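We did not get these values from a lab; they are worked out from the coordinates using the rules stated. Given the structure is predicted, the values throughout are model-derived calculations rather than measurements. A quick note on method: Cβ atoms are made from the backbone with ideal geometry, for glycine too, and the neighbour counts reach across all protein chains shown.
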Amino acid sequence: MPRFRVLFAGEAEGPLLRLSEPLSFWGGYDPHSGEIVDRRHPDRGARAAGAVLVMPAARGSSSSSSVLAEAARCGKAPAAILLGASDLILPVGAVVADELYGVRIPVLVGEVDGLGWENGTPVKVGRDGTVTQARP
């Protein structure tokens, strides 16, 4: 069972969505639709709303935290975010989403390449940083 370091704790469940490259939420994620909109991103058009979003790293601006919080307000945020490299911006957005809107988005960091599941596999994130396959 993979265990990640917790940057912002919470429990979540959703289909896995693995991105092939880092994503900046600022300009790359539509908080009103939950869609990846960065024209240069190879996963453009994928919907991350409600998904356990897995990416090698976050990219870009400190404004990504406000986009993540806005997505939470709109009900279009990822259920959880798993990162391959530590980031401070997305956990700030998760804290704001929790404080302002009562939406908890766990943010974890660890060996994302070790997750052998395919996109769409239902996964569950635990408060302790465990990530397991959920029962369909």
- Normalise the Cα radius of gyration of segment 5-133 by 2.2 N^0.38 Å (N = residues in it) and let me know the number. 0.91
- Message: Skipping prolines and chain starts, which residues have an amide H placed within reach, meaning under 5 Å, of the one on VAL54, given they are 5 or more residues away or on another chain?
- Response: LEU17, ARG18, LEU19, LEU82
- Item | Residues ARG40, ARG59, sorted so that the one with the fewest Cβ neighbours within 10 Å comes first | ARG40, ARG59
- Task: Enumerate the calculated ³J(HN,Hα) couplings along segment 75-81 in order (Karplus 6.51 cos²θ - 1.76 cosθ + 1.60, θ = phi - 60°), each rounded to whole Hz, writing x wherever the residue is Gly or Pro.
- Result: x, 10, 7, x, 5, 7, 10
- Item | Dipole moment magnitude, nearest 20 debye, the chain about Cα centre, only Lys, Arg, Asp, Glu C-beta charged | 100
- Fewest first, what order do ARG47, ARG104 take by the number of other Cβ atoms within 10 Å? ARG47, ARG104
- Task: Under a 10 Å cutoff between Cα atoms, tell me which one of PRO122, PRO42, PRO91 has the largest fluctuation in the Gaussian network model of the chain.
- Result: PRO42
